[in-house]
Each structure stands twice: as C-alpha cells, then as structure tokens.
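Chemist: Below you'll find the structure I mean.
Taken together, the values in this text are just the output of simple stated rules run on the coordinates, not laboratory data. Source: prediction; values computed, not measured. Neighbour counts are summed over all protein chains in view; Cβ atoms, including those assigned to glycine, are modelled from backbone coordinates with ideal geometry.
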Amino acid sequence: MSAVNDTTFTHAAFLLTGIPGQEDYHVWISIAFCLLYAISIVGNSVILFIVIKDPSLHEPMYIFLSMLALTDLGLSITTMPTILGIYLFNSKVITLDACLTQLFFIHTLQCIESSILLLMAFDRFIAICIPLRYTSLLTLPRTLLMGLVCVLRGVASMFPLPLLLKRYRYCRANILSHSYCLHQAVMKMACSDIQVNNIYGLFITLLTMGLDSLLILLSYVMILKTALSVVSLGKCLKPLNTCLPHICAVLLFYTAELSLAVIYRYVKGSSHLLAVLVGYVSLLVPPVMNPIIYSIKSKQLRARITRVFVK
C-alpha cells in the first residue's frame, strides 16, 4: 500500500495496516483475534461477577484482582474493535481525533494496570512480612482509595499526550504499521520537532512503569527474605505459592512493555513486523491470561467459580 500524499487527508486521518504483508490471511487471523476477545471479555467478566457477588471475597487481594480485571476489560474494548474492523471489514481509516482518543485510553489503562500490579505486590508484602497488621492496614475504604489513586495517576500522567500530539502538523506518510494508535508510532508521523514528546514519554515511562516495576522487585526481595527465614520448608513454600499468580501477571505485563519500549527507542531500523507482534502481545495477552492464571492458581476463587457454574 502506498502512502497517501494528500496533506489535507494526512491531517485528518491515518491508515492502519494490521500485520504488514499478511493481507491474504486476514480472515484466518481475525478468527484468532475473535477467540482472544471472547476469552478476555468472558474471563474478566466472570472474575468481576464472582468478586462482587461473593461477600467472602471482599478482601484486599480480590478487590485488587477485580480492579485488574476491569482494567483488562477496558484494554480489550479499547483495542479489539479497531483490530477486528481491519481484519474482518478492511476498515483501515481512523481519524486523527479518534486515534488520539484511543492512544490516550490505551496508555492510561496500561499505567493503571501497572499501578494495580504494584498494589497487589504491596498486598502480598503485608500479608507475608507483617501479617498481624494486614487487616488494620488494608481496610476496605483504604483499599478503594488506593484504587482511585491509581486511576487518577494514570489519567493525570497520560492526559498531556494527546494534547502534545494535537499541536503537530502531520505531513509525512500517514500509514501506521499497527492495528491501533500508540504514542510512539503517531509522533513519528509528525513533520515538526518531536523532542518534547520524546522527553515527556520517556519521563512518564520511567516515573510510572519503571518505578512500579522497581518497587515490585523490592517487595519480592523482602518477601523472599521473610520466606527463607522460616525454618520449615513447607511453611516457606506456602506464602510463596500465593504469589505465583501475581508473579506470572507481572512477567506477562512488564516483559512485553519493556520489549516494546526498547524496540521503539533503541533498536534502529527494527522490523515493523516485530514491533507489531510485540505490540499485540503487550495489549492482548495479559487481558486473556490474567483471569486464567488467577482462576487456576487461586483455590478459593476457583471454588467460587465452580460453584456458580455448577448451579
């Protein structure tokens, strides 16, 4: 597909390509994405329903899990309709305003998810390292307040992104080698100096996901230290076993995000296909896998889900 040279058009819209060079397989690819979309919507909705309806799950750990499920639902709803529109209906044109709105929600939800993963690490740290103060520290009002702070932090951090991009003129090729809009991809389409966006994007990434991942690592160092101080091997493994679902969720989220950041900022001339595939993994895999991981590893949650479906 050749770039559109009409400056008026490039000011108004972008073209989304999906996976470059795979146009002949769009129908088959759409089947896989439809399946992922269905699993994400159903899985996270079930988690939310179970936690809300069962009073015994109104604990900080499960409240944070419901926040994570709600965030994953938002990510799926924000990205999947655009992706399926490309592969099923060849709907590749997205207006500039719609593109900026989408990238705001994508980056905001990713920031919120990073914050919630930090809260879940904080929950495990208190439960294992200072269990006697767990109920006094993580009360229900305080837990909900921390969730609200996560939302406000994400919105405040990412709100400048579309405003900074809106002030640019877009007179270069208007083709985005993605199925959705990301800040890193859109700003490269501008024909103005993008130094401010580069600096702000790096600053926000370090301040949010960089800081969150560092604090999560620190919390697990303290958890491991506390667990190893226990004489009995069985008592040592028991608290660590409760952390496994969260560790899997953290690895899924941060590995893909870190890889995508490195590809965009430090790998010059990298394959567009590689960036697209890593972008798919970062946005689509965590919303699908998180409810599966927690449902399998949490006996209490698995028992509640089984009870509901058996009834």
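Chemist: Which of the numbered conditions does Y170 fail, given that it passes all the others? Conditions: (1) more than 22 Å from the chain's Cα centre (by Cα); (2) surrounded by fewer than 19 Cβ atoms within 10 Å (Cβ to Cβ).
Modeler: For Y170, the exception is condition (2).
Chemist: Kindly provide the set of residues from region 88-143 that are aromatic (F, W, Y) and within 29 Å of A227 (Cβ to Cβ), ordered by number.
Modeler: F122, F125, Y134
Chemist: Could you please give the count of residues in region 79-118 that are within 15 Å of the chain's Cα centre (by Cα) and of a type outside the set (D, E, K, R)?
Modeler: Of all residues in region 79-118, those within 15 Å of the chain's Cα centre (by Cα) come to 79-80, 102-118.
Narrowing the set further to residues that are of a type outside the set (D, E, K, R) leaves 79-80, 102-112, 114-118.
The number of residues fulfilling the criteria is 18.
Chemist: Check region 119-132 and report whether any residue there is within 20 Å of the chain's Cα centre (by Cα) and among the small types (G, A, S).
Modeler: At the first step, the residues of region 119-132 found to be within 20 Å of the chain's Cα centre (by Cα) are 119-123.
Filter again for among the small types (G, A, S), leaving 121.
So far as region 119-132 goes, yes, one or more of its residues are within 20 Å of the chain's Cα centre (by Cα) and among the small types (G, A, S).
Chemist: Hey, another quick one. Hey, any hits in region 109-124 for a residue that's surrounded by fewer than 21 Cβ atoms within 10 Å (Cβ to Cβ), among the aliphatic types (A, V, I, L, M) and farther than 19 Å from G74 by Cα?
Modeler: Within region 109-124, not a single residue is surrounded by fewer than 21 Cβ atoms within 10 Å (Cβ to Cβ), among the aliphatic types (A, V, I, L, M) and farther than 19 Å from G74 by Cα.
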